[in-house]
Amino acid sequence: ILLGGLKIVQEYRPRSLPATLILLAAMIGAQRSWRQPDTQVCLMLHAANMVGIALTWSVEGRFVVPLLFSIHILAARGFSWPLGFVLRRVLTPKPDRDDSRDDVVGGSR
């Protein structure tokens, strides 16, 4: 059982900084959108792939290559979540604050 887990980790282990960022963003994207049917399909495909890796032998991530498209889709969702939050904060017009206090009678509290 431990050997199967080790093989899965070796297959999905990122081998560079960009691959690490993509995998991290994909995990965030999967967590943020796990209720959507397409995300569930992607996660089920990866789960089936992990079972296949654990039961057989793979070399240098070749079993993961067919699923890279789904990893990049989930990574795009992961990257777009904080970017969308920042853009909404920056681009949303703030209401004008009027400090004249017309509602206070006499000008003092």
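Once the principal axes of the Cα atoms of the chain are found, what is the range along each, listed largest first in whole angstroms?
Largest to smallest, the principal-axis extents are 83, 29, 25 Å.
Would you calculate a helix-derived [θ] at 222 nm for the chain, using -39,500 (n - 2.57) for each DSSP H run of n ≥ 4 and dividing by the full residue count, to the nearest 500?
Helices in the chain give a 222 nm mean residue ellipticity of -21500 deg cm²/dmol.
If packing is taken as the average number of other Cβ atoms within 10 Å across a peptide's residues, how do 85-91, 19-25 rank, most packed first?
The densest-packed peptide leads the list: 19-25, 85-91.
Just so you know, all these numbers are worked out from the coordinates, no wet-lab data involved. From a predicted model like this one, the values you see are computed outputs, not experimental measurements. A quick note on method: Cβ atoms are made from the backbone with ideal geometry, for glycine too, and the neighbour counts reach across all protein chains shown.
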